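Asks: Starting off with a structure, shown below.
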Amino acid sequence: MWIGGLISTRASTVTRRGSSGRTSARSVALFRSARRRPEQLDLSVIKNTRVSERTQLQFRAEAINALNHPQFTAPNTTPTSTAFGTVTGEFAWPRVIQFGLKALF
C-alpha cells in the first residue's frame, strides 16, 4: 500500500530516486563570508619612510581580488525549472585597487 505516492507500507520495498547525495547541489560560496571567497588573491604593499626623528610617512597600495577571477553564483536547484543545474550569474566583486598615505607622528 502506498501513502501519498511516496511511502510504502511494505518493508521489502525500497524506493530510490537518483544517485546523487543529499547536499551535492549546494554551492561553496553560500557557506563562506563575503571577505573569504575561494580563488581570490588580496595583495598589500606598505612602505614606511622616516621624515624626521619623530615623523614617518606610510604609503599603502592594496589590491582586492588582484587576479580578477570570476565568482559564480550557485546553480539553479529547482527541479521543475527548465534551467535546473545551470549557473546563470556571477557575483559583482570586481578587482579593487586603493592607495593611501598616512602621516605618523
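Asks: In nm, give the distance between the simple-model label positions of T80 and I64, each being 7 Å from the Cα along the Cα-to-Cβ direction.
Replies: It works out to 4.0 nm between the two label points.
Asks: Right, next: List E62, E90 from most exposed to least, where exposure is judged by having the fewest other Cβ atoms within 10 Å.
Replies: E90, E62
Asks: Regarding region 37-105, what's the average projected area of the Cα-atom convex hull, expressed in nm²?
Replies: The orientation-averaged projected area of the Cα hull of region 37-105 comes to 6.0 nm².
Asks: Let me ask something additional. Please give the residues of region 54-96, grouped as numeric ranges, whose backbone N is less than 15 Å from a label point set 7 Å along the Cα-to-Cβ vector of F105.
Replies: The answer is 54-58.
Asks: Rounded to the nearest 0.05, what FRET efficiency do V51 and W93 have when you use their Cβ-Cβ distance and R0 = 30 Å?
Replies: 0.20
Bear in mind these aren't lab numbers, they're just calculated from the coordinates by the rules spelled out. As the structure is a computational prediction, the values presented were derived from the model and not from experiment. Virtual Cβ from ideal backbone geometry, glycine too; neighbours counted across all protein chains shown.
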